[in-house]
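The values are calculated or read from the model by the stated rules, or taken from the named source; none is laboratory data. On a predicted model such as this, the values are computed, not experimentally measured, just so you know. No Cβ is skipped: glycine too gets one built from the backbone with ideal geometry, and neighbour counts run over all protein chains shown. The accessibility values were calculated without ligands, DNA or RNA, using every heavy atom of the protein model including side chains. Shrake-Rupley method; radii C 1.70, N 1.55, O 1.52, S 1.80 Å.
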Amino acid sequence: MRDILSSLGLQGVSPGAFGKSVLSSGSSSELAVKSPINGEEIGRVRVAGGEEYERVVSDSVEVFREWRKVPAPERGEVVRRIGLALRDSKAKLGRLVSAETGKILAEGEGEVQEAIDIADFAVGLSRQLYGLTMHSERRNHRMYEQWHPLGVVGVITAFNFPAAVWAWNSMIAAVCGNVTLWKPSELAPLTAVAMNSIAREVAKGYGFEGVFSLVVGNGPDLGQKIAADRRVPVVSATGSCRMGRAVAKTVGERLGRTILELGGNNATIVMPDADMKLVTAGILFGAVGTAGQRCTSIRRVLAHESVCNEVVSSLVAAYKQVRIGNPLEKGTLMGPLIHSGAVDAYRAAITRVPKEGGDIVYGGNVLPGMPSALYVEPTIVRAKRGMPLLAEETFAPILYVVPVKDLAEAIEVNNEVPQGLSSSIFSRNMQNVERFLSASGSDCGIANVNMGTSGAEIGGAFGGEKDTGGGRESGSDSWRQYMRRQTCNINYGDDMPLAQGVVFS
Ligand code: UN1
């Protein structure tokens, strides 16, 4: 790990404030980063103090003034190079993601791939920031809309996707002509420093190092500073609903924009006509992948009562095969949880299961004798509709299987939680599928068929409704949120006709 860190430029205490240049003085407070794999310290980052924050933001504003003048396809060229640089370091970065978050290597590398993919997407997008042209109702007039960059985009990310979520935001923001101010999770700042440094190094070659700035904090202070800062017109935040509410309130007070991607409580519906092989494989990845710590993780299975027992027994058989251990070792499917607070939340939920009328049919224990105290068993609970636990997102691998009598009830249960990120259905019946996808079907931002709820591709818009916050990041037309729309009217005639036929003379 030490070699990997030093080859990514992370030796000793890494600086935690990057504006137009690396700021290393200022705050003396350091963040020790411990790997959840074995509790060992893998690195240190200096926390950005108030003065450094000020410098970084004023640098960002200054860099934006120039960056916005660079033609979008040229900005795309910078991002293309970043994608190439990420490819060169994919293996190392993937290992660092795994070491810092505890996700298995395949998922660590997959996350870096997600960053590469969005860079490629953004390159194409840099030539496609289209606006519409409308026919004016006034003679000799032209009306059209164009899109301009907004400025400094604040990006607050969570520990579980310490590379990809920043990339979704910053690669798109960059081709749109914005600069990004990143505040990563204090649980995964090393990946942030490494990713950001790669982007900065490439941008530096074009004289624009400060397009990608970074401030590492410890606790909510810096996030709140960003939320309150009028120099940051848009704040994209990923994390808990509690964090999102605080950010939205502060940004809302100054009438800024937010792009929120908050909690999920995702369900998959299993109909009697489903392909059980797909059901088991899809749910296994969705519920156990990343140790249940994706906001898209499957938390609830809504199984038709006629297949509920079959679903449970095939999942139990699959769960028995899951190798839990060091995520850096080949063959491991599940690593540790991120920290002791996550283990406490897992335990607290497990304790509530019988009290609320549920039955633990698999797992339920924290594993002894592991390299750290953060390894838990993936857990399957037979649950009943209405259990309060079902409305909550516990960021751990606990899966609730709820029997439902028909599709209508399944959709109701799918939608009766506060969150609305992702959802899916397993069925080979097109009526079931289309009803699930219809306006009276799933109310979530993502609706999948014959697959789980997690593992979205970057090409689609990513995000969800209700308590998930309503934001959309990544693909499709999410770029529009990082730009301001300007409607332009041009009179190329010799008269002054007014709209709506108004005569003013
Ligand atoms: C998250 O957990 O915040 O769809 C993002 C997925 C990943 C992204 C998850 N591509 O599971």
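For region 183-202, a residue qualifies if it is more than 15 Å from the ligand (Cβ to nearest atom), touching a helix residue (DSSP H, G or I) at 6+ places or on another chain (Cβ under 9 Å) and not aliphatic (A, V, I, L, M), and the qualifying residues are LYS183, PRO189, ASN196, ARG200, GLU201. When the residues of region 470-493 are filtered to those that are of a type in the set (D, E, K, R) and touching a residue at least 60 places away in the same chain (Cβ under 8 Å), which remaining residue is surrounded by the most Cβ atoms within 10 Å (Cβ to Cβ)? Filtering region 470-493 for residues that are of a type in the set (D, E, K, R) and touching a residue at least 60 places away in the same chain (Cβ under 8 Å), the one surrounded by the most Cβ atoms within 10 Å (Cβ to Cβ) comes out as GLU473.
Taking the criterion of being near the ligand (Cβ under 10 Å from one of its atoms) and either assigned to a loop (DSSP other than H, G, I, E, B) or over 29 Å from GLY470 (Cβ atoms) (or both), the residues of region 260-300 that qualify are LEU262, GLY263, GLY264, GLN293, ARG294, CYS295, THR296, SER297. With respect to ILE338, is the statement that it is of a type outside the set (Asp, Glu), open to solvent by 20 Å² or more (accessible area, probe 1.4 Å) and within 17 Å of ILE104 (Cβ to Cβ) true? Taking the combined requirement at face value, the residue does not satisfy it. Specify the residue that is most open to solvent (accessible area, probe 1.4 Å); the eligible residues are those in region 203-252 that are in contact with a helix residue (DSSP H, G or I) (Cβ under 9 Å, 6 or more places away or on another chain) and among the hydroxyl-bearing types (Ser, Thr, Tyr). Looking at residues that are in contact with a helix residue (DSSP H, G or I) (Cβ under 9 Å, 6 or more places away or on another chain) and among the hydroxyl-bearing types (Ser, Thr, Tyr), I get TYR206. State whether the residues of region 246-259 include one that is within 16 Å of the ligand (Cβ to nearest atom), over 15 Å from the mean Cα position of the chain (by Cα), charged (D, E, K, R) and not in a strand (DSSP E or B). Within region 246-259 (the criterion being within 16 Å of the ligand (Cβ to nearest atom), over 15 Å from the mean Cα position of the chain (by Cα), charged (D, E, K, R) and not in a strand (DSSP E or B)), the answer is no, since none of the residues qualifies.
Within region 341-368, the set of residues being surrounded by 13 or more Cβ atoms within 10 Å (Cβ to Cβ) and among the aliphatic types (A, V, I, L, M) comprises ALA342, VAL343, ALA345, ALA349, ILE350, VAL353, ILE360, VAL361, VAL366, LEU367.
Do the conditions hold for GLY205, that is, is it over 24 Å from ALA396 (Cα atoms), modelled with pLDDT of 95 or more and touching a His at 6+ places or on another chain (Cβ under 9 Å)? It is false that GLY205 is over 24 Å from ALA396 (Cα atoms), modelled with pLDDT of 95 or more and touching a His at 6+ places or on another chain (Cβ under 9 Å). In this structure, GLU393 does satisfy being at pLDDT 95 or above, within 25 Å of the chain's Cα centre (by Cα) and open to solvent by 10 Å² or more (accessible area, probe 1.4 Å).
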